[in-house]
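The values are calculated or read from the model by the stated rules, or taken from the named source; none is laboratory data. Computed from a predicted structure; not experimentally measured. Virtual Cβ from ideal backbone geometry, glycine too; neighbours counted across all protein chains shown. Surface accessibility is based on the protein's heavy atoms, side chains included, excluding ligands, DNA and RNA. Shrake-Rupley method; radii C 1.70, N 1.55, O 1.52, S 1.80 Å.
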Amino acid sequence: MTSSLRVKHPYTLSLAVGIGAVAGLRPMTAPAVIAWAARRKWIRLGSSPFVTIISARASRTITELAISELIVDKLPFTPSRLNAGPLASRIASGAICGLAVCGAVKRPLAAGALLGGLGAIAGALAGYHARKRLSRDMPDFAVGLVEDTLAVGGGALVAALMATTK
């Protein structure tokens, strides 16, 4: 007999912002973490049409994309995260993941999407400025690895906080 898992209600909106910030750092890491948590039945994603994008069934593909993103980020020709296209993808990823967090506990989807998108903007700006500052003292590759660690670790923290027994 398996117990069902639910997101902790008091933290839901904070978690939407948190997963958005992860998306601001690495836009594919955030949905990969949500899909991973859903696959392990830590959370139930609800029934929003956007949630199917990051469902447990899609977790393998999303994880492969996230790993590719971690590699591509280190290449010298990768555009700035603050350019329109990369920033828009971060905001969209944060919004979808924030929506999924709120949908898992039947909280307003619009609030989750808004907070996830705002978290992504904050994460993108913080990541940009931190990377710019740290690159003065460290090789850019090493800074990218630190950022990867923060994104994956932050995503894992959000997933762990989302999962709790009934």
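If you check A58 against the conditions, is it more than 14 Å from the chain's Cα centre (by Cα), open to solvent by less than 40 Å² (accessible area, probe 1.4 Å), more than 19 Å from A163 (Cα to Cα) and free of Cβ contacts under 8 Å to residues at least 24 places away in the same chain? Taking the combined requirement at face value, the residue satisfies it. Taken over the stretch 130-144, the criterion of being in contact (Cβ under 8 Å) with a residue 12 or more places away in the chain and either aliphatic (A, V, I, L, M) or under 13 Å from V22 (Cα atoms) (or both) is satisfied by A130, L134, V143.
The criterion of being touching a Phe, Trp or Tyr at 6+ places or on another chain (Cβ under 6 Å), among the aliphatic types (A, V, I, L, M) and modelled with pLDDT under 95 holds for A163.
Checked against (1) out of contact with any Phe, Trp or Tyr (no Cβ under 9 Å at 6 or more places or on another chain); (2) surrounded by 21 or more Cβ atoms within 10 Å (Cβ to Cβ), L70 passes all but a single condition, namely (2).
P79 satisfies every condition listed in (1) touching a Pro at 6+ places or on another chain (Cβ under 9 Å); (2) touching a residue at least 12 places away in the same chain (Cβ under 8 Å); (3) open to solvent by 20 Å² or more (accessible area, probe 1.4 Å) except (2).
For the stretch 143-166, the tally of residues that are open to solvent by 30 Å² or more (accessible area, probe 1.4 Å) and out of contact with any strand residue (DSSP E or B) (no Cβ under 9 Å at 6 or more places or on another chain) stands at 10. Pick from I34, I91, I53: which is open to solvent by 60 Å² or more (accessible area, probe 1.4 Å) and among the aliphatic types (A, V, I, L, M)? Testing whether each residue is open to solvent by 60 Å² or more (accessible area, probe 1.4 Å) and among the aliphatic types (A, V, I, L, M) leaves just I53. Check off (1) part of a helix (DSSP H, G or I); (2) within 22 Å of A32 (Cα to Cα); (3) more than 17 Å from the chain's Cα centre (by Cα); (4) of a type in the set (D, E, K, R) for R133 and give me the number that stays unchecked. Tallying (1) part of a helix (DSSP H, G or I); (2) within 22 Å of A32 (Cα to Cα); (3) more than 17 Å from the chain's Cα centre (by Cα); (4) of a type in the set (D, E, K, R), R133 fails exactly one: (2).
Among the residues here, A120 qualifies as assigned to a helix (DSSP H, G or I), at pLDDT 95 or above, in contact with a Ser or Thr (Cβ under 8 Å, 6 or more places away or on another chain) and under 19 Å from L13 (Cβ atoms).
Just the residues that are open to solvent by 50 Å² or more (accessible area, probe 1.4 Å) and either out of contact with any Leu (no Cβ under 9 Å at 6 or more places or on another chain) or of a type in the set (K, R) (or both), please, taken from the stretch 115-139. So that I can check it myself, show each step before the final result.
First pass over the stretch 115-139, keeping only residues open to solvent by 50 Å² or more (accessible area, probe 1.4 Å): 118, 121-122, 125-126, 128-129, 132-134, 136-139.
Within the stretch 115-139, L118, A122, H129, K132, R133, L134, R136, D137, M138, P139 meet the criteria.
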